[in-house]
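Q: I'd like to ask some things about the structure below.
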Amino acid sequence: MRIPLPLRGLGFALVTVVLVACRIESAAPSGGAAVSQAATPSGEVWVYTSMYRHVLDALEPLLKERLPGVQVHWYQAGSEKVSSRLEAERAAGAVRADVLMTSDPFLYERLARDGAFLRYASVNALRIPRTLLDLEARYAAVRLSTMVLVHRAGAGEAPKSFAALVDGSWKGRVAIGDPLTSGTAFTWAVFMHARQGDAYFAGLRERGAVVAGGNAAVLQKVESGEVDAGVLLLENALTARAKGSPVEVVWPDDGAVVIPGPVGLFATTRNPVAAKALVDVLLSPEGQRIIVEKGDMHAVDPRLGGPRGEPGVEGLLGRARAWSPALLDQGLLHGGDIKEAFSRAFAR
């Protein structure tokens, strides 16, 4: 993924050139999403996605309004299941998906390097911060999830950083997701491994960290009092708090981990016109607002605020650790080694 690649100097010019070069079938939106000049979008589009089901349901009326001739089919599952299904279809030479929309940035970069994506730069991507754009227009972030710390209200002082989880003061009192089964937990693990190496995983084990599985399991353990703190997706914490949960969000001093959720078009799509139009809708202000309001995630459109009163995307990026090509390669090329290091630490 070159989504989080810091751009310098000619960055904006390069982005503009790519957008112009790829906007062969797009027109500037008139109060909404761009539509194809070559043909009216119609037919079927299959989207493989890890987006929450209730967010997809909220998007349906907008899609029907903007793309009345298009029938959108969703295959919705966790990122790992989506990846497994996609890999099986690719191996069989029969990819059904037209559009991919998950929260696994490493998967997108691997597919991009394999030439799996159709290049397309939506006109609605012009406002996206440059650090969230792929200059080759192979895919672009459509939503942002964020790994933060959470703490149960009334359980004493909260941890201030991810590093604090291995300093001895939180022994047996913290839960983390399992990077072997959770895509977001794996991305967090890549960031932590890049900074502290295998020692961080060993430290978590020695301090009695509880490996809870996915984000829902981490949240449950904090809410129930089994542990006092955890590493959790911001969207899960915000949604829980709105329902009366006692969890508090803690922005770690050593930087939250922002996980871009990109969208990409497969080169094998049988309906590129409709697929491109769907991407335009997702990146439109209306589509982005649904992601914020219904999904408690950050939009990539800087005109929108964050979920539940949080700062928008630019404020979020200021609180987060920066992605880099080296870090991306670490997860992409050495992900297996990182998972093995985690397994060794917790198998002791």
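The values are calculated or read from the model by the stated rules, or taken from the named source; none is laboratory data. Being a predicted model, the structure only gives us computed values, none of them experimental. In this analysis, Cβ positions are derived from the backbone assuming ideal geometry, glycine residues included, and neighbour counts consider all displayed protein chains. Ligands, DNA and RNA are excluded from the accessible area calculation, which covers all protein heavy atoms including side chains. Shrake-Rupley method; radii C 1.70, N 1.55, O 1.52, S 1.80 Å.
Q: Please find, within region 78-116, the residue that is nearest to residue 46 (Cα to Cα) out of those that are out of contact with any strand residue (DSSP E or B) (no Cβ under 8 Å at 6 or more places or on another chain) and assigned to a loop (DSSP other than H, G, I, E, B).
A: My answer is 94.
Q: Any residue at all in region 105-115 that is crowded, with 21+ Cβ neighbours inside 10 Å, closer than 21 Å to residue 260 by Cβ and small (Gly, Ala, Ser)?
A: Looking for residues that are crowded, with 21+ Cβ neighbours inside 10 Å, closer than 21 Å to residue 260 by Cβ and small (Gly, Ala, Ser), one finds none in region 105-115, hence no.
Q: Are there any pairs with C-beta distances below 7 angstrom linking a residue in region 152-173 that is basic (Lys, Arg) to a residue that is outside any loop (DSSP other than H, G, I, E, B) and open to solvent by less than 40 Å² (accessible area, probe 1.4 Å), with the two at least 6 apart or on different chains, and if so which?
A: 152/222; 152/247; 173/229
Q: Further, regarding this structure: For region 267-278, does any single residue satisfy the condition of being within 14 Å of the chain's Cα centre (by Cα) and buried (at least 24 other Cβ atoms within 10 Å of the Cβ)?
A: Looking through region 267-278, none of the residues is within 14 Å of the chain's Cα centre (by Cα) and buried (at least 24 other Cβ atoms within 10 Å of the Cβ).
Q: Name the single residue, out of those in region 289-314 being of a type outside the set (Lys, Arg), part of a helix (DSSP H, G or I) and within 17 Å of the chain's Cα centre (by Cα), that is nearest to residue 260 (Cα to Cα).
A: It comes out as 313.
Q: Go through (1) touching a Pro at 6+ places or on another chain (Cβ under 8 Å); (2) closer than 30 Å to residue 96 by Cβ; (3) small (Gly, Ala, Ser) for residue 305 and report which single condition fails.
A: (2)
Q: Considering only residues that are touching a strand residue (DSSP E or B) at 6+ places or on another chain (Cβ under 9 Å) and either modelled with pLDDT of 95 or more or among the polar types (S, T, N, Q) (or both), which ones fall in region 320-341?
A: Correct list: 320 only.
Q: Residues of region 26-80 being in contact with an Asp or Glu (Cβ under 7 Å, 6 or more places away or on another chain), modelled with pLDDT of 95 or more, surrounded by fewer than 19 Cβ atoms within 10 Å (Cβ to Cβ) and more than 18 Å from residue 283 (Cβ to Cβ), which ones?
A: 71, 73
Q: State the number of residues belonging to region 182-207 that are open to solvent by less than 30 Å² (accessible area, probe 1.4 Å) and either over 20 Å from residue 106 (Cβ atoms) or hydroxyl-bearing (Ser, Thr, Tyr) (or both).
A: 7
Q: Consider residue 160 against the criteria (1) surrounded by fewer than 18 Cβ atoms within 10 Å (Cβ to Cβ); (2) under 20 Å from residue 81 (Cα atoms): it satisfies all of them except one. Which criterion is unmet?
A: (2)
Q: Looking only at region 315-348, which residues are in a helix (DSSP H, G or I) and of a type in the set (Lys, Arg)? Let's see the steps before the verdict.
A: Within region 315-348, the first condition is being in a helix (DSSP H, G or I), and the residues that meet it are 315-318, 325-346.
Result: 339, 344.
Q: While we're here: Taking the condition among the small types (Gly, Ala, Ser) and touching a Pro at 6+ places or on another chain (Cβ under 8 Å), does residue 141 pass?
A: So residue 141 passes the test.
Q: Sticking with this one: Filtering region 292-339 down to residues that are charged (D, E, K, R), more than 17 Å from residue 183 (Cβ to Cβ) and in contact with a Leu (Cβ under 6 Å, 6 or more places away or on another chain), which residue is least open to solvent (accessible area, probe 1.4 Å)?
A: By that ranking, first place goes to 296.
Q: Right, another one. Restricting to region 71-112, count the residues that are touching a Ser or Thr at 6+ places or on another chain (Cβ under 6 Å) and over 17 Å from residue 142 (Cβ atoms).
A: 2
Q: Exactly one condition in (1) in a loop (DSSP other than H, G, I, E, B); (2) open to solvent by 40 Å² or more (accessible area, probe 1.4 Å); (3) closer than 22 Å to residue 270 by Cα is false for residue 121; which is it?
A: Against the list (1) in a loop (DSSP other than H, G, I, E, B); (2) open to solvent by 40 Å² or more (accessible area, probe 1.4 Å); (3) closer than 22 Å to residue 270 by Cα, residue 121 comes up short only on (2).
Q: Only residues that are farther than 14 Å from residue 164 by Cα and among the aliphatic types (A, V, I, L, M): list them for region 203-216, please. Talk me through it step by step, then tell me what you get.
A: At the first step, the residues of region 203-216 found to be farther than 14 Å from residue 164 by Cα are 210-216.
Matches in region 203-216: 210, 211, 212, 216.
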